[in-house]
Amino acid sequence: MSEHQTVHQREVTMAGMIRKLLASGVAAKVVQEARKPQNQAKIKKAIADFRAKRGGGSRPGGTPRY
């Protein structure tokens, strides 16, 4: 492997690591926000609205989700 290929591979590896670090930071923030009571109420309402729009909240086969 040439020096150029080695440097390029390190850059690709670093970019992937940074991307994963950012993604985990965003995920941590989403979880943190979802734990707040006011956001839980918003999430529950959004899910209920989505299910009502879809025509119910049952699974295929008639098994309701609780």
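Note on the stretch 34-48: residues that are surrounded by 10 or more Cβ atoms within 10 Å (Cβ to Cβ), over 13 Å from the mean Cα position of the chain (by Cα) and assigned to a helix (DSSP H, G or I) amount to 10. Among the residues of the stretch 22-41, none qualifies, meaning not one is among the hydroxyl-bearing types (Ser, Thr, Tyr) and modelled with pLDDT under 95.
The values are calculated or read from the model by the stated rules, or taken from the named source; none is laboratory data. These numbers come from a predicted model, not from an experiment. Every residue, glycine as well, gets a Cβ built from its backbone with ideal geometry; the counts of neighbours run over all protein chains shown.
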